[in-house]
Amino acid sequence: MTAPANASPDGRLQESRPHERVLVWTLGGEELATSYGTNAVALLGDDGVVLVDPLVAPAHARLVERALRRHTDTPVRLVVLTHHHTDHALGASWFAARGIPVLAHAACAERIAAEHPGLIAARRAVPALAGLFDDAEPVRPTVTFSTGVTLHLDGLEVEVWHPGWGHTPGDAFLYLPGQGVALTGDLVFHRYHFNYEDASPDGVRRGLEALRALDAEIFVPGHGPPGGPELLTLQAHYHETVEAVGFDFIRLPEVECEYRIAPREGQLMDEAVIQIKTFKSRAMVKGATQKGNLETLSMVMVDYDYDGEVFALDAVF
Ligand SMILES: [Zn+2]
C-alpha cells in the first residue's frame with residue numbers, strides 16, 4: 001500500500017494509488033450527489049488505460065478523466081463496468097460518446113437497458129438532481145461476456161471474471177495477475193453499509209470465496225478505501241451478522257438496520273454492531289408517543305451460525 005487519499009485540484013475527488021499501476025478516485029459521502037462514495041479505478045498500461053466504474057453521471061466521469069490526465073496522456077482504451085448500479089455505470093456514457101468501448105457482463109447490459117432510462121427520467125424530475133443527470137444517458141455496452149475475459153494492454157494483463165449472481169446478476173471482478181491486485185466491485189463494501197437490493201446472499205458468499213482464491217494482496221472495494229485480504233473477512237463477517245439476526249413480533253415492524261464489524265478497544269476480536277436506524281411498530285404501547293415507540297422492541301435474537309434455513313436461537317438481547 002502506498003499514498004493515502006489526497007484531494008484532487010478541484011477539491012472534490014479523493015485520489016489514492018494502492019499500486020503503481022492502479023489509481024482510485026472517489027467523491028466519498030453516501031449520497032447520489034457524490035456517487036454514493038463509489039470508487040472509480042484506472043488501470044495503467046504502458047500505452048493505454050482501462051477505466052473501471054466511472055461514477056454516477058457524465059459530470060463525475062469528467063472529473064475522473066481530468067484527474068487521470070494529471071498522470072498520463074495515454075488513451076482510455078476500454079471502460080469496464082463491475083455491475084449495472086448507476087453509481088458505477090452511468091458515467092460510462094461520457095466515454096462511450098467518445099467512441100471508447102464499454103465492457104460488461106451480459107446480465108449487466110440487460111439490467112442497464114431495462115432500468116436506467118426510468119431512473120434517469122425520475123432523477124431529472126427532481127429539481128436538486130436535474131443538473132447532475134442533465135446529460136446522462138443509459139450506456140450500451142459494446143462488448144459483453146458470460147464467464148470471463150482477459151484484456152492485454154501493453155505491459156499489463158487484466159482478467160475480468162463473472163463469479164455468478166452475487167451483489168447483482170451481472171457482477172464482474174477484475175484481477176491483475178502478476179501485480180497482486182483485485183478490484184472487487186460491490187462484492188466488497190469497506191466501511192460502507194452493503195446494498196442488498198439485487199443481491200443473492202449465497203452468491204455473495206461464493207463471490208468472496210472466488211476473490212479469496214486469487215493470488216492478490218491488494219483489494220480495491222466498490223466503496224471505501226483499498227486494503228488487504230482482511231477486507232474479504234470483514235465483509236463475510238458482516239453478511240454472517242446480517243443473516244444471524246432475527247426480529248420476532250406479533251405484527252412485523254418496519255425496521256431499518258445497519259450492521260457493521262467494529263474493533264473493540266483492548267480486545268483481539270472485533271464486535272458485530274447492529275444499529276437500528278428506524279423502527280416503526282404497528283403495535284403501540286399504551287400512552288407511548290415518544291422514543292419512536294421503541295418500547296415495543298422487546299428483543300433481538302441471534303443465531304451465530306445461521307445456516308440459511310433453521311434459525312437456532314443462540315442469544316437474546
Ligand atoms: Zn452496487
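General observations
- Looking only at segment 158-175, residues that are within 11 Å of the ligand (Cβ to nearest atom) and surrounded by fewer than 22 Cβ atoms within 10 Å (Cβ to Cβ) come to 0 in all.
- Residue check for Y196: modelled with pLDDT under 95 and hydroxyl-bearing (S, T, Y): yes
- Selection status of H85, buried (at least 17 other Cβ atoms within 10 Å of the Cβ), of a type outside the set (K, R), more than 15 Å from V56 (Cβ to Cβ) and in the same structural domain as L43 (by TED's automatic domain parsing): no
- Looking across segment 118-143, just one residue is touching a Phe, Trp or Tyr at 6+ places or on another chain (Cβ under 6 Å) and under 15 Å from H88 (Cα atoms), and that is I120.
- Qualifying residue in segment 10-24 (condition: among the polar types (S, T, N, Q) and buried (at least 18 other Cβ atoms within 10 Å of the Cβ)): yes
- Failed item, numbered, when R111 is tested on (1) surrounded by 23 or more Cβ atoms within 10 Å (Cβ to Cβ); (2) closer than 22 Å to P163 by Cα; (3) touching a Gly at 6+ places or on another chain (Cβ under 8 Å): (1)
- Among the residues of segment 176-199, none qualifies, meaning not one is in a loop (DSSP other than H, G, I, E, B), away from the ligand (no atom under 16 Å from the Cβ), surrounded by fewer than 22 Cβ atoms within 10 Å (Cβ to Cβ) and of a type in the set (D, E, K, R).
- Filter pass, Q275 being within 30 Å of Q14 (Cα to Cα), modelled with pLDDT of 70 or more, surrounded by fewer than 17 Cβ atoms within 10 Å (Cβ to Cβ) and polar (S, T, N, Q): yes
- Identity of the residue in segment 97-122, farther than 26 Å from H152 by Cα and of a type in the set (G, A, S), that ends up nearest to the ligand (Cβ to nearest atom): A114
- In segment 243-263, the residues that are modelled with pLDDT under 65 and of a type in the set (A, V, I, L, M, F, W, C): F247, F249, I250, L252
- Looking only at segment 200-227, and only at residues there that are touching a residue at least 60 places away in the same chain (Cβ under 8 Å), in a loop (DSSP other than H, G, I, E, B) and away from the ligand (no atom under 16 Å from the Cβ), the one that is surrounded by the fewest Cβ atoms within 10 Å (Cβ to Cβ): P225
The values are calculated or read from the model by the stated rules, or taken from the named source; none is laboratory data. Note that this is a predicted model, so its numbers are computed, not measured. Counting neighbours? That spans all protein chains shown, and the Cβs are built from the backbone with ideal geometry, glycine included.
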